[in-house]
Each structure stands twice: as C-alpha cells, then as structure tokens.
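The values are calculated or read from the model by the stated rules, or taken from the named source; none is laboratory data. Since this is a predicted model, take the numbers as computed values, not measurements. Cβ: placed from backbone, ideal geometry, glycine included. Neighbour counts: every protein chain shown.
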Amino acid sequence: MEQQKVPANSTLKTNLTQFAHRRNSEGPYADNLDVDVLIVGAGFGGTYLLYELRKAGYKTVVYDAGTSFGGTWRWNIYPGARVDSEVPIYELPIPEVYKDWHWSTNYPDWKELQAYFAHADKVLDLSKDVSFQTVVVGATFDIESGRWTVSTSDGRKAKARFLIAATGFAAKRYVPPFKGIENYKGIIHHTSFWPNEGVDVKDKKVAVIGSGASGVQVAQEWGPEVKEMYSFQRTPNLAIPMGKRSLTKEEQDSLKSIYPTIHEFRDRCFAGFHYDLCERNTFDDTPEEREAFYEDLWQVGGFHLWLANYKDYLFDEKANRETYNFWLKKQRARVTDPIKRDLLCPLEPPHPWGVKRPCLEQNYFEVLDQKNVTIVDISDASGNEIVEFTEKGIKTTDGKEYEVDVVALATGFDVVTGGLTQMGLKSINDTYLDDEWKNGINTYLGVTIAGYPNLFHVYAAHAPTLLCNGPSCVEVQGRWIRDAINMITRQGIKFVNPTDTASEQWKARIAGLAEQTLFPKAKRSTYMGGSIPGKAREFVCYPAGLGTYGAEIRGYLTGFKGFEVVRP
C-alpha cells in the first residue's frame, strides 16, 4: 500500500499532518485534556455526535484536521466539487439548524456546504468544544483506568473515557508512487488537497488522472476553459445525469414542517434516501414497460436509476444488462466522436452497472467530446499506463509524453479503512490497527472493533457507508453510539469490548450477503476495498441496506450481545 513520497518543499501535499497547526493552548487546545468523550472528525458524523453527546450531559471535545466544520467539504474543494445527494436528505436532522437555513440548489457545491456548516456552528455554538488543525497520531487504552490516551502530531495528550472516530470513508488520500513525480515543474495537487486559492487553468494545458467522481467533476469544469485537457482513464465512469435545479425559499419552507418525517423515513430506506428499490423484478415487466420505467427514472435524475431501479438488477446479470443497455443508449447518443464514444460508453460493460457508485454528471460526456480534450486510455486492456513524470508532464508506456501546466490527481483514497488506520490506534493486545487490517477488516456491527474497548466509529468499515447517504448513516450509527454510552454510564460499566467470535461472525455475515450480489464482479471498486495495490480484496460495506442495518445493530445493544462487559 505504498504511497508517493515527495520532497518536503514540494507543492504536492500527501498527508494531513502537513496542515496541522496549534492555534492556542486554552480550551479544547489545552494540554492534558481530560474529557468524557473525544471525537475525531468534524464532518456530519462529528457534528451530530457533538450535538447529541453535549445534550446528554457529557463533557465532549472534537479534534479535527481542518480549519473549521465540514469534514470532507473542508478538503474536497477542487473545481466542480459538488455533493451527489439531494437536500434536505443531505443535511443534519437538527431543527435549530434547518429552520432558518435555505439552499440555492438541490445539489449544493462545496462553498455552500461550508457556509451550511458555519451556520450550524453558529446556531449550536459548537466551536468552543473543537480543536481544529489537530491531527491524531496515536491512541492507547488503559484497562486499569478504563480511559483512552490520545496523542496529536504537535505533541499534545488527551484522556477520554470514550473515543469516537468520525473520520469518514475518505480521510486518507492515495497518491500512487509515480516515478519521477518530484521532477515535475508544473502545478500538481491531489483533488482532496486542493489549495483554497484555487488554480488558474484558463488557456492552459492540463491533465486529470482518474475518472472517479472527482475526476468527472474536475474534467467537466475544466474542459470549457482550458487550451487542452488530457483525461487519463483506466475505467469508464458509468455516470448518470444529476438533475440539478434551483430551489426557492418558499419551496423549502413549505416542507420544513414535515422534515422530521422525511429524515425519519430516510433511515428506513436501502440507501438512506427518500426513495427505495422497486418492488418488481426486471422481467416482471414487458420490454415496453421496462423502457417506460427506465425513462421515468432517467427524467427524475440523480440516483433514481441506481437506487429506485428493479429490486433484482444488482443480483441478476441478465437483469443488470437491461439497465446497462438503457444507459448505453442514452449516453452514447451524447458523444459524437466514435473513438471517444467507445472509450466512455463501451458496448460491453466494464463491470455490472451499479456495482460501483455512479457519478452524477451535468455535461461530462459533452465536455469530453470536445476537440480540445483527449482521452488517454490506460486500461488494463490497452496495455498502456503511466510510466513516469518528466519535468514537463507525463510519459506513458507507448512512448508519448503529454506536456501539461497543471495536473489534478483524482486518484482517490484508502477508502473506508484509511481514516481509522492512520490514527495510530493501539489495541489492548499491544498491536496496531494498521497492522491488523493489512490482511482484511474486522469490526463488530460496523461501529466497534475487538481489542479497542469503548471505541466507536461512524461511516467507515462494515456499515452501509458507501452504499448510503452520509448524514442518514451517521444519524443511525450516532444514535446507537449515544445510547451505548448512556447504557455503559448508567449501568456502571467500566468498558465494553467486542469479542473475536462476534467480530468473525459479523464479517462472515457481510461476506455472505455480498456474495449474493453482483458487487464482487467489479475488478476495482471502493466496495471491494478500492484500487490500492496490495490491499485485501473484500466487501467493505454492509450490503443489506440502512433500514435493515439499523434494526439489526439495535438488536445487539440491549445486554451488549457479543461484547465482553467489564465492570469496576
């Protein structure tokens, strides 16, 4: 799982510690803090848990590597960065926050999301309990005292009875070990470490390496203004139209009285949205009925083709091919260049449709069809790949050198696991999580880990996570964690620790559920551990849906089934 190492003076940032800065020595920034709960991460998960745990009476502090609230939206500020879940589904279920807040569009961009978190911070008075620009590099649990000791990159220590990792699924960037990258003289950034001041690309030559969500968004943003763009594509993105539209204040206010119902309903749906998979199977309908059904989903836009589709299409290959054929017809019609058409929309699917989270695009296919855009095929089938960086650009196996002024590394993350493994978590068995998970993930219920007492995590391994709307998932898990902490406290329990047996059974359940689906058929997929060389290939999310997940983990909470319960 080697990552790129670059000189200290390089503009390319690869690690959160490069952004750490101790602002002062008081309040949450003080040395030797001693609190009830320490939360790592100030995105949706950390914000929601801080709100809930403070309300429950616990002395709670948050450590976050960013400069303010927002989590991923403090880092993913690359050109075109925009959420792929509609509001009000994509927001906190907190009345104090949403009652006076209004969005400009159903799919806000990073600037509006930062403003939203600033609003939440103001109305809930959150910052007083947060230490920003703080990176956790170590954490150990003492069995005798029943407390965690947490270390930061600037040398501080903090003690807490409960430790919560709200670091999300994309907290550790992946920069491939490209040969010669330190020699490149142009501007280069990972999309998730994009500079706040932005990068001027007007009339310049640029390269986008990667065709995942960030690669799609950067490409469609850059294409119309650059002189020339090279899109390095390993796998085509089977993207679908976003359906972005403006929202009025009146439209939002008219719904706010039922926001509690909307937020409660999202927790019951498969992916945490306000719609669910169709009750029919693909071939229950005639070809004409199928076409009309697909067309309706397409016209609504967003994730409807993915998450309101026939209930069998993620399980049955023939059913799945029907969806792909419809997608193919729609998207190939948007590309005029026959070579690009085959690269972007191949007649044979690169993987079953929907087993990778599809990107929501606005004009991606039209932009890549432009004359100033070249798609560089670096797929396995092409036999072509990036060999090295030169002073002027990028060289590929076929001997071509692409001279560019700016490079966007849309190369993704150590998904689901990286946020936890980079924290220096040490178990009571004297082992480190980073080492333990090299051969595969082990959690219990997707919220706890054996050997790490009183540690909880949200929106990470073995939960619905990547298959789910983020705020929906962290609310379900956050309520569980809040209630677990209440039960531990009220019952006089010192700590709870998942058993190895229970953890193995949970992992086996996830693997068994995944094997019934088409998800394992994708060669490289975030659901199968991502595309990082050397990482264990396994299903990393809970695949039975958020509604099922929430009910299932609740069943283990009463009596702490599957946990070793230790009392003073």
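Quick one: in the stretch 286-315, which of the residues that are free of Cβ contacts under 8 Å to residues at least 24 places away in the same chain and surrounded by 16 or more Cβ atoms within 10 Å (Cβ to Cβ) is farthest from residue 90 (Cα to Cα)?
293
Hey, can you tell me all the residues within the stretch 332-345 that are within 28 Å of residue 283 (Cα to Cα) and in contact (Cβ under 8 Å) with a residue 60 or more places away in the chain?
Once the filter is applied, which keeps residues that are within 28 Å of residue 283 (Cα to Cα) and in contact (Cβ under 8 Å) with a residue 60 or more places away in the chain, the stretch 332-345 yields 344, 345.
Condition check ((1) of a type in the set (Asp, Glu); (2) more than 25 Å from residue 227 (Cβ to Cβ); (3) in contact (Cβ under 8 Å) with a residue 24 or more places away in the chain) across all residues:
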| residue | (1), (2), (3) |
| --- | --- |
| 136 | no, yes, yes |
| 143 | no, yes, yes |
| 155 | no, yes, no |
| 159 | no, yes, yes |
| 174 | no, yes, yes |
| 177 | no, yes, yes |
| 181 | no, no, yes |
| 192 | no, yes, yes |
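In the list 114, 18, which residue meets the criterion of being under 30 Å from residue 533 (Cβ atoms) and either without any contact (Cβ under 8 Å) to a residue 60 or more places away in the chain or assigned to a loop (DSSP other than H, G, I, E, B) (or both)? Don't jump to the end; show me each part of the working.
Values: 114 fails: under 30 Å from residue 533 (Cβ atoms).
Only one candidate qualifies: 18.
Contact list please: Cβ distance under 8 Å, first residue in the stretch 529-546 and among the charged types (D, E, K, R), second residue modelled with pLDDT of 90 or more and assigned to a loop (DSSP other than H, G, I, E, B), pairs at least six apart or on different chains.
So the pair list comes out as 538/440; 538/441.
Any idea which residue in the stretch 328-340 is surrounded by the most Cβ atoms within 10 Å (Cβ to Cβ), counting only those that are closer than 18 Å to residue 358 by Cβ and not β-branched (Val, Ile, Thr)?
Our first condition is that a residue be closer than 18 Å to residue 358 by Cβ; within the stretch 328-340, this holds for 328-335.
From the residues that got through so far, the ones that are not β-branched (Val, Ile, Thr) too are 328-334.
Numbers: 328: 18, 329: 12, 330: 17, 331: 20, 332: 16, 333: 11, 334: 16.
Only one residue tops the list, namely 331.
Restricted to the stretch 37-86, and to residues that are among the hydroxyl-bearing types (Ser, Thr, Tyr) and under 22 Å from residue 421 (Cβ atoms), which residue is surrounded by the fewest Cβ atoms within 10 Å (Cβ to Cβ)?
Taking the candidates together, the pick is 72.
Is it fair to say residue 560 is in contact (Cβ under 8 Å) with a residue 24 or more places away in the chain and either of a type in the set (Ser, Thr, Tyr) or assigned to a loop (DSSP other than H, G, I, E, B) (or both)?
yes
Considering only residues that are surrounded by 14 or more Cβ atoms within 10 Å (Cβ to Cβ) and among the polar types (S, T, N, Q), look in the stretch 500-521 and name the one that is farthest from residue 457 (Cα to Cα).
Restricting to residues being surrounded by 14 or more Cβ atoms within 10 Å (Cβ to Cβ) and among the polar types (S, T, N, Q), the top hit is 517.
Can you give me the number of residues within the stretch 274-285 that are assigned to a loop (DSSP other than H, G, I, E, B), in contact with a Phe, Trp or Tyr (Cβ under 7 Å, 6 or more places away or on another chain) and either within 13 Å of residue 89 (Cβ to Cβ) or not charged (D, E, K, R) (or both)? Even if it seems obvious, please write down each step before you answer.
Taking the stretch 274-285 as the starting set, the residues that turn out to be assigned to a loop (DSSP other than H, G, I, E, B) are 274-277, 279-281, 285.
Those still in the list that are in contact with a Phe, Trp or Tyr (Cβ under 7 Å, 6 or more places away or on another chain) too: 274, 276-277, 280-281, 285.
Remaining after also requiring either within 13 Å of residue 89 (Cβ to Cβ) or not charged (D, E, K, R) (or both): 274, 276-277, 281.
The total comes to 4.
Only residues that are touching a Pro at 6+ places or on another chain (Cβ under 6 Å) and without any contact (Cβ under 8 Å) to a residue 60 or more places away in the chain: list them for the stretch 449-474, please. Steps first, answer last, please.
Narrowing the stretch 449-474 to residues touching a Pro at 6+ places or on another chain (Cβ under 6 Å): 450, 473.
Listed by number, the list holds a single entry, 450.
Step by step: first the residues of the stretch 258-281, then only those that are of a type in the set (Phe, Trp, Tyr) and without any contact (Cβ under 8 Å) to a residue 40 or more places away in the chain, then the one that is farthest from residue 475 (Cα to Cα). Which residue is that?
If we filter the stretch 258-281 for residues that are of a type in the set (Phe, Trp, Tyr), which is where we start, we get 259, 265, 270, 273, 275.
Then drop every residue that is not without any contact (Cβ under 8 Å) to a residue 40 or more places away in the chain, which leaves 265, 275.
On the way: 265: 12, 275: 18 Å.
Going through the qualifying residues, I end up with 275.
Conditions tested, residue by residue: (1) part of a loop (DSSP other than H, G, I, E, B); (2) of a type in the set (Ser, Thr, Tyr); (3) surrounded by fewer than 18 Cβ atoms within 10 Å (Cβ to Cβ).
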| position | (1), (2), (3) |
| --- | --- |
| 134 | yes, yes, no |
| 141 | no, no, no |
| 170 | yes, no, no |
| 179 | yes, no, yes |
